[in-house]
Each structure stands twice: as structure tokens, then as C-alpha cells.
Amino acid sequence: MFSLVLWAGLPLLSFAITVPVTNHWAGGFQARVCFKIDKEMSSWVIHLTFDHPVETIDVWTADAQSTSADKKQWTLTSKNWNAVEHVGDELCIDLMGHGTGDFAPVITATLEGASGGGSHQVATSAPATTQAHHQGVATAAPVHTTPLSVPDGNGFPATTRVSNVRDGRSDHYLTFTISGPTVMGWVVKFRCSKPVHNLNVREADPLSHNADQTEWLLVNNDNQITIKPGTFELKIELELVTGRDSAPQCSATLTNMGVDKHTCGQLPNKANSKYNYDDVLYKSILFYEAQRSGKLPANNRIPWRGDSALNDGDGGVDLTGGWYDAGDFVKFNFPMAWSTAVLTWGLLQFKDAYQAAGQLEWMYESVKWPLDYLLKCHVSDNVLYVQVGDGGVDHGSWGRPEDMKMARPAFKIDATKPGSEVAMETAAAFAAGHLAFKEKDPSYSAKLLQHAKSLWQFAVTHKGKYSDSVSAAAGYYNSANVTDELCWGSLWLYEATKEPKYLEEALKHYDASPDWGMSWDDVFIGNQVLLYELTKEAKYKTAVEGTFREWFPGGTVPYTPKGLAYRLQWGSLRYASNMAMAALMAAEAGIHPDEYRHWAMCQIHYALGDTGRSFVVGFGKNPPVSPHHRSSSCPNLPVRCNMNYLHLDTPNTHMLCGALVGGPDSSDGYKDSRENYVNNEVACDYNAGFQTAVAGLRSLLVRHLHPEQKGGATCPYHGRAP
């Protein structure tokens, strides 16, 4: 149901659609074509026409062939295992094309013999207008996007032998010679010359068959999840519908469902810097798209993700959308709001970086996704939903978000059970969003500011820790205090409005002490930097300097042998990246710009590859391939995904592009294992400060202020804090 073949120019073509190009770069592009099936099909052919020559096409669910000398016409043809389509199905194909130059071709597609239209009839690359952002990701209604299924290029045919033939029954032994990587989840397409009434296989379960029962699809069960390279034998006991005098002639093909040939692609390094910041920004934004919950937009760029958690809510309140927190599927609003505020801060401060990288529209769309969800959560002045999902139940399962069956309770704060820190963090995100969308979408910006003001009033009037009010959050994102967020949220409201009452409230809660380390529960350094930026008073500069004296070499924060400022083992790169971001923001305010930028660069370059390996999935040398992340670890449909896949030592099926893993231990050691959630989990808050810091470094290149351009690019950093 998920493959395509494209042929062009034949007289039986019926209905042409425009195919959206979801990404492009020098030498290639990605596109997704979808058709709604309005007639029964035993095979299918899709014809593609491009306005630019396409040298090669990579497509994993169809056979691709060029049908014209100028390479502008191609066909995609169904595989044996996905040839049958039924009325009401949606046939979606993801493809990657290659050619000369950086081009986004105009593509039209026709499904041979179909009379209806496709799911995408308008191109939906990055939105280009304020109107599109105000109304949603695309002007057309979003469609259900279905995760990628059955990859090609790894089907293994069987040799067969038959024994124990008796009264319409027979035993068929299928021998497969497996090559390549270890199979992680598999299906077998089993075909016989006579109709089969029933079959039994110890290692697999029948999933479906065709109308005359001569073709069966078997999917592995928990008795045999993986198959190592070599010989693998499968015994099938079958019973015929009729013809009991002899055994049928049968054949079979086994397909590895733990393979996804999609890669992240790579943007050109236009700045010619040591590390390709443009590529990192592009991929980090893709990571956030992989974390999306709810109804996905028509321009979804993550082919293995589909709609999920569409019933999130409480008593008629719609709480769909937002981001899944980490490798799990709980929506924790406290770190989500912090991540949104930090990412939007970076968009405001380093907009030139996103423009230079060609990611500005995608970035607006990226931060709007959680902002829209957080708006849904603020249902009245003194009521804010702060969590969807039960952490204990969620963490006890492993699978795809699209398959979730568990109850997902929603938790809220109100006047009787307050939560000043999460209310203020959400207000900060709204205030930052107001500034980001002020020119792009004035009505949306005004709505964000209205909610920011209401939440600010709620937080200062009804003080209390949200983790005391919502016990379900306490074991996962427990709040240490509320004072830093009361200051932080007030500062963002002052930034947005310049009304003195917000600055006055911020000063009541300000703390000049050196910051332990910025995170979702610690914004002290952010307050120090913002106050200096807003007032230029020397005492706030002194506070910032005091924090970084602790963080620079010679301070109280230890360093790994290879130069990482190492605050804590769990998410070590999170703290270093967040403090690098804070240093870059302080430098923008004029505090020791050369030293702070150099130190920040070295911390980020550690994550990008200075130790000999990258800690960002899909980027650089020897990146992680097995992050602790449920949905990317699951094999392709229709294979079931469960806790067994957590414990396999094979790479994740899908590449979680742009995800920053937790990081090394204090000796620079690191184990790339799904079971290693301390060092190898990913999270929305891990990427937030990291991405903003990368944007800061890219902005420095734009303005010719980067350490590489000023002769100060040596790492590890050994200087003392100024």
C-alpha cells in the first residue's frame, strides 16, 4: 500500500496532481506523492514529469525507471508485495531525486487508471506567506500521513522443499540466504499455485491474503524477531481449500523491515566553516518535526511518522499537537515551553543565521507548532494544562506513537493547585513568540501576547510549584523553585511590552549568584543576560561574569580530558550546549565577546566532532545510530513494535535526523546503545539550547565575527574567564 511507480506520457493516464518538494539542496531533492485509491488495483503505475532533468531517483517502495531521453519523465511501478490497493486506501511514495545544481523541480504525477485526485494537489514546501502561517502549515487541509512501509532492495527469495504430503496438507520448508545487516523485523510474501485454507508458522503470523487465497503475507512474531546473515529456514504447515490429491507449488520472498534507506540529506557548507552549521540547523529542525504529536501537516518531511494521539484532551478540551518530550510519548509542558522560549530567543537574536541557511520559514513553522499547542492548553485565565500522558504507563511500553492504545490523562494547574514556574515559562514562550511573529502575522502575535499577559497575572497571583500540584510530573520534571521563572517570564513580558510593572516584578525574584547550569528548571543565567541587555547596569554584567568564571577552565565546573565542560552525566551535552548559548547571548550584549564566543564554539564543536565522533544523529563523522528513541527504533509497518526492540543491538531502523544525544561520561566515554538512556536518549530540551548556539555561530560567520575568521579557533579552550 505504500509504493509507487511513475510513467509519463501514455494515453491511459487520467488525473494529474502537483507533487510537493519537501526539501532540496545542491544535487538533490526530496518529494512525496500521494494518491487516494478510488478503484481496486492488483498493481499500479505512477507517471512523473519534471521540469528539470533528473539523473537518478531513489525510491524504496517502487521500481523507478526513466522513460525519456531528457530524463524528465519517470515511472514508478509497484513491487510484488505492495501491488494490491483497495478503495479508500492512500498510496504515498517518498522519493529522493538527484541532478545538477540546487533545484526544486516542478513535478506532476498521474496514477494510471485512477479517476480521482491525489492527497497533494498544491505544492507544500516551506510556507512563504503570513496567511499560511496564520491558518496552518499549508493552505490545503492536512491529510493523514502514513508511515513508510516495506522497503525494497532487500528481498530474499526462498528455495523450497515439500514433505509430509497428506490429504490436502503439506509441510513446506523455505530456506532463505540472508545477506547484509541483521534483519530486524520481517515479512514473508508466500505464493502458491492453489488456494490455501489455513497455514501455521511458529515464527510468524498470517496478516492477510488475496481474494483467491493463493498469496499470503506473513509477519514475524516474537519467536523470531531478528535474523542474522546466513541461512534461515522457515517451516510452513498448510492446508488447501480444495485439490487434496497433491501439494501446491509455492514460492516465497522475505523482506527485512528494519531497513529505511532514507537519509537526512546534506546541505552545502556555503560558509566553508569547519562544521556545516547550515546542515545542523536543517537537521535539528527535522528532529523537532519527528517529535510532533497530533495531526501532521501535508508537508510532513518525516516519512516514517504519521498522525498520532488524536484523542488527547480532557472533557471536550482539545489538547492535540505539541511535541513528544524525548524518546517517549508524554507531553511535558514545562520543558516544552522552555524549549520553545529558547528556540524563539534564537530566532529573534540570530534570524540572519536561519536566513543564510535557507531555514527561516521552516524555523517559523517549527516554533509555531508548540506555540499552537500551548495556546490550546491555556483554556482560561487561571487554568493551564501542563501534561498529557502518564509517565509510568508510557515508559513501561515501547512502540510507535501511531499505535498507542493506552489512556493518556491530562493534568492541569489552577488557582487552587498553582504552578508559577510552568505558567511563567509558558508566558515567556508566548511573549517571545509575540515578538517573532509581530511583523509576519500580527493577529497571531497579538493572541500570543494576550495569553502571555493572562498567564503572567495567574503566576504572580497564585504562587506555587507545579510539581506539588501535579504529582504525575514530580518524578520526571520536578521543579526546584519558582523564583527564576518568575523573573524570566516577567523579563520576557517587559521585552515584549516595555511596561514597567513587568521589570519591577522581575527584580523581586532576581538572583545574582553564579548559575549551576541552564536547563528547563534553571534560567538564572538567562535572567542575568537579559537584565544586562535591557538595562546595561554593571551589576548584571558582574553577575554574568561570575557565572562564567565557574564554567570556564579553572572554575568549579570540571572538564573531560577532551575539553567538555562537564556538569552532570545525565545529558552532559545539554548543560554544555545551554551554557554555550548563554555565552553567545552575553557576547551579543557586549560582555567579553571574543572570549565567550571562542569558549562557546569549542563546546559546540565538541558535540559536532572535535573528539573524532559526532553526537548528532545523521551529521558528521561516526554519528549515533541507536539513540534511545521509540518511534525511530521501530521497524516498518506492518511489523509490530514492542519492548523487544529496545534491547536489540541493531541500529534504529529510521534515522532521527538532527537529534543531539545526551553525551559522554566524565572521561569522554560513550556507548551508542538504545538501552543507555543516560547518555544516549534524545529530548526536545537537549536540542533547544544546542540549536540556538549553532544559530549563534552561524550568525557570527554572516557578520564576519566568528573565531575562525578572527584567528581564535583553537580547541579545546584553555583560557581563564575574563
Legend entry - Distance between modelled label sites at N481 and E499, nm, 7 Å Cα→Cβ extension: 2.7 nm
Inset, instruction - May I ask you to sort C715, C641 by Cβ crowding, counting other Cβ atoms within 10 Å and putting the fewest first? - result: C715, C641
Legend entry - Projected label distance in nm at D102 and D352, using a 7 Å step from Cα toward the beta-carbon: 1.8 nm
Inset, instruction - Label the range 155-256 by shape, choosing from rounded, prolate and oblate, from the square roots a ≥ b ≥ c of the eigenvalues of the Cα gyration tensor; if a/c is under 1.5 it is rounded, and otherwise prolate applies when a/b is larger than b/c, oblate when it is not. - result: prolate
Legend entry - Angle between the chain longest axis and helix 277-290 axis [Cα atoms, degrees, rounded to 10]: 70 degrees
Inset, instruction - Would you mind getting me the FRET efficiency between E239 and K463? Use the beta-carbon distance for r and R0 = 60 Å, nearest 0.05. - result: 0.25
Legend entry - Length-normalised contact order of the range 606-722 in % [C-alpha pairs under 8 Å, at least 6 apart]: 21 percent
Legend entry - Counted charge near D521, where neighbours are those whose Cβ lies closer than 9 Å (Asp, Glu -1; Lys, Arg +1): -4
Legend entry - Label-to-label distance, nm, for residues given as N198 and S68 (7 Å Cα→Cβ offset): 5.5 nm
Legend entry - Whether the range 341-400 is rounded, prolate or oblate, judged on the alpha carbon gyration tensor where a/c under 1.5 counts as rounded: oblate
Inset, instruction - List F411, F50 from most exposed to least, where exposure is judged by having the fewest other Cβ atoms within 10 Å. - result: F411, F50
Legend entry - Additional length obtainable on full extension of the chain from D390 to D51, 0.36 nm per residue less Cα span: 117.0 nm
Legend entry - Within the range 491-572, trypsin sites (Lys or Arg not before Pro) in DSSP loop having at most 12 other beta-carbon neighbours inside 10 Å: K498, K536
Legend entry - Among 338-345, 245-252, 446-453, the order from most to least packed when residues are scored by Cβ within 10 Å on average: 338-345, 446-453, 245-252
Legend entry - Neighbourhood net charge (14 Å Cβ-Cβ; Lys/Arg +1, Asp/Glu -1) for M41: -3
Inset, instruction - Once you have the Cα-Cα distance between E675 and S251, take 0.36 nm times their residue separation minus that, and quote the gain in nm to one decimal. - result: 148.8 nm
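How do the peptides 95-101, 297-303, 325-331 rank, highest first, by the average count of neighbouring beta carbon atoms within 10 Å per residue?
Top of the packing list down: 325-331, 297-303, 95-101.
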Inset, instruction - For the chain, find the longest principal axis of its Cα atoms and tell me its angle to the long axis of helix 572-588, 0 to 90°, nearest 10. - result: 50 degrees
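Can you put V87, V557, V54 in order of Cβ neighbours within 10 angstrom, beginning with the fewest?
Least crowded to most crowded, the residues run V87, V557, V54.
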Legend entry - Pairs beyond 28 Å (Cα-Cα), from K270/K621; K412/K671; K498/K539; K283/K536; K36/K283; K440/K508: K412/K671; K283/K536; K36/K283; K440/K508
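Evaluate E = 1/(1 + (r/R0)^6) for V87 and T177, where r is the Cβ-Cβ distance and R0 equals 41 Å; express this FRET efficiency to the nearest 0.05. Write out the running numbers ahead of the final one.
On the way: r = 38 Å, r/R0 = 0.93.
With R0 = 41 Å, the Cβ-Cβ based efficiency is 0.60.
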Inset, instruction - Compute all pairwise cysteine Cβ distances in the chain, then list the cysteines with no distance under 4.7 Å to another cysteine. - result: C377, C487, C684
Legend entry - Helical contribution to [θ] at 222 nm, DSSP H n ≥ 4, -39,500 (n - 2.57), averaged over the chain, rounded to 500: -9500 deg cm²/dmol
Legend entry - Farthest positive-ward along the chain dipole, Cα basis, beta-carbon charges - from N256, I302, N23: N23
Inset, instruction - Using a Förster distance of 25 angstrom, determine the FRET efficiency expected from the C-beta separation of K261 and N622, and round it to 0.05. - result: 0.80
Inset, instruction - Compute the acute angle (0 to 90°) between the alpha-carbon long axis of helix 333-349 and the principal axis of greatest extent of the alpha-carbon atoms of the chain; round to the nearest 10°. - result: 70 degrees
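Determine, for each peptide in 389-395, 351-357, the mean count of other beta carbons within 10 angstrom over its residues, then list the peptides with the highest first.
351-357, 389-395
No lab work stands behind these numbers, since they all come straight from the coordinates. On a predicted model such as this, the values are computed, not experimentally measured, just so you know. Glycine gets a Cβ as well: all are built from the backbone with ideal geometry, and neighbour counts include every protein chain shown.
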